[in-house]
Amino acid sequence: MTLISSRALPRLAGPLLALACLTGGSAVAQGNYPTHAISLVVPFSAGGPTDVVARSLGAAMAKTLGQSIIIENRTGAGGTLAAMHVARAAPDGYTFLIHHNGMATAPALYRKPPFNPLTDFSYVGQVADVPMTLLGRKDLPPGNMAEFIQYARANGNKINLANAGLGAVSQLCGMLLQESLGVQFTTVPYAGTAPALTALLGGQVDVLCDQTTQTIPHIKGQRVKLYGVTTLDRIKALPDAPTLQEGGLKGFEVKVWHGVYAPKGTPPEVIAKFNEALRAALKDPAFTQKMAELGAEIVPEAKQTPEGLRTWLQSEVDKWGPIIRKAGVYAD
Ligand code: ASP
């Protein structure tokens, strides 16, 4: 379908990574871990949907850990630069990554994948699942999904579709949308969907597919047009919103899932402590209430574990690889 060139990605520094893995365990005084603030790397812009989940989670986890979690936004290449940064970080329990489906799609999206999600990390657990919404700028002519389909087919590449780069879920959702409609829009990439949504609100782009964790306040404030949610069933947080399936795109489904990762070789005791804080946060009323308001669903306990995340990641890598290769979307 599309040939997309991205900026050249630096290669993983293999020898450095190996050295860090060997020294990481001994560098941590594991008994009193953590002794200082921990960095949680977010692959997209501050204020966006992944960032919202990360900041709320970090605040809740800090209660158990007794140390703050500092959010570090490292944007670029649809989340790939952040994942590479964490893969290369010291496995000392002070650098973690929160990422979404992009972790599973990266190997198929890059001709020379810059990291292997299944071998370059330690796994902490999953967090929450989040639906996406298909939005238009407030004055885009179609009033509902049926009209949007006609409009999209009539206007094709005159329509600007914003996303957060190749590897972002907004890109994945947009790719499926174009496939289902048999059209090609003009894609406008941003460092995250926070700036993409600002562009939509300002009328600089026409369409955006984005998580409810960012879009619900703008939908309720009627600052954007909502064409539908990307789940097969309607969601509690937006009960009146039709699904894209109801709007005519049979079987259309994109759900965003989030996992927490550490550099490979992070000591098991550290992972266990971080996981304990993660599981406590997923029961914290301040966190769960905020997630519910924003349409996010906390994952079941079996997925909140390192094995739960690793098994899910494998199934997602297996699922998306053939779909992406068939669509022919690649970055060099
Ligand atoms: N919603 C974004 C994505 O499309 C990322 C973000 O800014 O959180 O992947």
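With respect to the stated conditions, Val256 fails to be farther than 30 Å from Asn116 by Cβ and within 15 Å of the ligand (Cβ to nearest atom). Scoring Lys112 on the criteria (1) away from the ligand (no atom under 16 Å from the Cβ); (2) part of a loop (DSSP other than H, G, I, E, B); (3) modelled with pLDDT of 95 or more leaves a single failure, condition (3).
Looking only at residues of the range 157-179 that are more than 30 Å from Ala54 (Cα to Cα) and touching a helix residue (DSSP H, G or I) at 6+ places or on another chain (Cβ under 9 Å), we find that the one that is modelled with the highest pLDDT is Ile159.
Could we say that Ser68 is more than 16 Å from the ligand (Cβ to nearest atom), surrounded by fewer than 20 Cβ atoms within 10 Å (Cβ to Cβ) and among the polar types (S, T, N, Q) here? When the stated conditions are applied, Ser68 passes them. Flag not set for Pro107, criterion: away from the ligand (no atom under 16 Å from the Cβ) and crowded, with 24+ Cβ neighbours inside 10 Å.
Each residue in the range 130-171 was checked for being more than 30 Å from Gly259 (Cβ to Cβ), in contact with an Asp or Glu (Cβ under 8 Å, 6 or more places away or on another chain) and either part of a helix (DSSP H, G or I) or not basic (Lys, Arg) (or both), and 6 of them qualify.
Of all the listed residues (Arg88, Arg74), the sole one being surrounded by fewer than 21 Cβ atoms within 10 Å (Cβ to Cβ) and under 16 Å from Phe44 (Cα atoms) is Arg74.
Of note, Leu232 satisfies the criterion of being closer than 29 Å to Leu309 by Cα and without any contact (Cβ under 8 Å) to a residue 60 or more places away in the chain.
Could you give me the residue pairs with C-beta distances under 7 Å whose first residue belongs to the range 286-304 and is free of Cβ contacts under 8 Å to residues at least 12 places away in the same chain, whose second residue is aliphatic (A, V, I, L, M) wherever it lies, and which are 6+ apart or on separate chains? These pairs meet every condition: Thr288/Ile298. What residue, of Ala191, Ala154, Ala164, Ala168, is surrounded by fewer than 17 Cβ atoms within 10 Å (Cβ to Cβ) and either away from the ligand (no atom under 16 Å from the Cβ) or touching a residue at least 12 places away in the same chain (Cβ under 8 Å) (or both)? That would be Ala154, the only listed residue that is surrounded by fewer than 17 Cβ atoms within 10 Å (Cβ to Cβ) and either away from the ligand (no atom under 16 Å from the Cβ) or touching a residue at least 12 places away in the same chain (Cβ under 8 Å) (or both). Here Val127 meets the list (1) within 16 Å of the ligand (Cβ to nearest atom); (2) of a type in the set (Val, Ile, Thr); (3) more than 30 Å from Gly58 (Cα to Cα) almost entirely, failing just condition (3). Taking the range 254-285 as the range and being of a type in the set (Lys, Arg) and in contact (Cβ under 8 Å) with a residue 60 or more places away in the chain as the test, the residues that pass are Lys255, Lys264, Lys273, Arg279.
If a residue has to be within 22 Å of Arg137 (Cα to Cα) and of a type in the set (Asp, Glu) to count, how many in the range 219-252 make the cut? Residues that pass the stated criteria total 2.
The values are calculated or read from the model by the stated rules, or taken from the named source; none is laboratory data. Keep in mind it's a predicted model, so treat the numbers as computed, not measured. Positions of Cβ are generated from backbone atoms using ideal geometry, with glycine treated the same way; all protein chains shown enter the neighbour counts.
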